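S.K.: Before I ask anything, here is the structure I am working with.
The values are calculated or read from the model by the stated rules, or taken from the named source; none is laboratory data. If you're wondering where the values come from, they're calculated on a predicted model, not measured in any experiment. Because the Cβ atoms are built from the backbone with ideal geometry, glycine has one as well, and the counts that use them run over all protein chains shown. What goes into the accessible areas is simple: the full protein's heavy atoms, side chains included, and nothing from ligands, DNA or RNA. Shrake-Rupley method; radii C 1.70, N 1.55, O 1.52, S 1.80 Å.
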Amino acid sequence: MNGVTAHFRHSWPGFTLDVTLDLPGRGVTALFGPSGCGKTSTLRAMAGLLQTPGGRLWVNGEAWQDGPRFVPPHRRALGYVFQDANLFAHLSVRGNVEFGQKRVPPAQRRLALDQAVDLLGIAALMDRRTTDLSGGERQRVAIARALATSPRLLLLDEPLAALDAQRKADVLPWLERLHRELDIPVIYVSHALDEVQRLADHVVLMEAGRAVQSGPLAQVLTQVLAQIPAPAGTAAGAWVAATVQAHDAARGMTTLVLQGVPVELPDTMARRPGEVVQLRLQIAASA
């Protein structure tokens, strides 16, 4: 059974989480919605940090919770990255990443340490103290440490929320690279529309503890944006899928194929030929 399926129900005074999910078995799924809607609680339930009696979680054919079966957090093959990188200050960058790898018996390691280091571009940081890193560097190290555990599921809880615009811009290209190269499901929590647009394949819109919409990025965000009144002068638009055809480095342009029609855009996307990207087409109206 491929994919991630889950149901969690848990109540606190004044709030109930009651969420059912049926998600793709690879790629990036964004849990999107306002603060307090249950995104982080859902992630904690997936990790087993929040126990929900009667809950269910299957990850690509493996039951982590179902009826009486409950796999404790330390036995779930997952990586979890929080808003705060939570690095070990007494260890170097290398020590932090190696700590992640040591959690996994050698026979179960599916991702080499060098691969995790390369995917996040932290080779030059390996001998640095974690206290000497920028916020963006710390988050990249935290993600590399999570990947070093060879996870079957990667959970990212607003990893860019504490970063300023420049640090966020520094980290986003590395998250895009994970998107392209990882063959596991990634659950990405965010209330930032720009992050979701750039990284996600699939979106779950959450409100008041429930998943109210779930589907491909273009489908869900087009519906969401259609419900938001646009400020005066804002262009209408819709999301469409396009395929990367070729890059022209000399001209700084990328050719995309949109419904059979080639379209050239400035080469701002580090995407390979054949990859599908989501574009928002805007229609500028004039009086």
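S.K.: Looking at the range 83-110 only, could you name the residues that are within 22 Å of the chain's Cα centre (by Cα), surrounded by fewer than 18 Cβ atoms within 10 Å (Cβ to Cβ) and closer than 28 Å to residue 41 by Cβ?
M.R.: Result: 83, 84, 86.
S.K.: Does at least one position in the range 20-39 carry a residue that is more than 21 Å from the chain's Cα centre (by Cα) and of a type outside the set (A, V, I, L, M, F, W, C)?
M.R.: There is no residue in the range 20-39 that is more than 21 Å from the chain's Cα centre (by Cα) and of a type outside the set (A, V, I, L, M, F, W, C).
S.K.: Of everything in the range 169-185, what is closer than 21 Å to residue 58 by Cβ and open to solvent by less than 10 Å² (accessible area, probe 1.4 Å)? Give them in sequence order.
M.R.: Selection gives 185 alone.
Quick grid of which residues meet (1) part of a helix (DSSP H, G or I); (2) farther than 19 Å from residue 27 by Cβ; (3) among the β-branched types (Val, Ile, Thr):
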| site | (1), (2), (3) |
| --- | --- |
| 117 | yes, yes, yes |
| 162 | no, yes, no |
| 167 | yes, yes, no |
| 198 | yes, no, no |
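S.K.: Shifting gears a bit: Could you grab me the full set of residues in the range 55-114 that are at pLDDT 90 or above and assigned to a helix (DSSP H, G or I)?
M.R.: 73, 74, 75, 93, 94, 95, 96, 97, 98, 99, listed by residue number.
S.K.: Also, quick follow-up: If residue 45 satisfies all but one of (1) in a helix (DSSP H, G or I); (2) open to solvent by 10 Å² or more (accessible area, probe 1.4 Å), what's the number of the condition it fails?
M.R.: Unmet for residue 45, out of (1) in a helix (DSSP H, G or I); (2) open to solvent by 10 Å² or more (accessible area, probe 1.4 Å): (2).
S.K.: Looking for whichever is modelled with pLDDT of 90 or more, over 16 Å from the mean Cα position of the chain (by Cα) and not aromatic (Phe, Trp, Tyr) here; the options are 219, 213. Which one fits?
M.R.: Numbers: 219 fails: modelled with pLDDT of 90 or more.
Only one candidate passes the filter, namely 213.
S.K.: Take residue 56 and tell me if it is without any contact (Cβ under 8 Å) to a residue 12 or more places away in the chain and either open to solvent by less than 50 Å² (accessible area, probe 1.4 Å) or out of contact with any Gly (no Cβ under 6 Å at 6 or more places or on another chain) (or both).
M.R.: no
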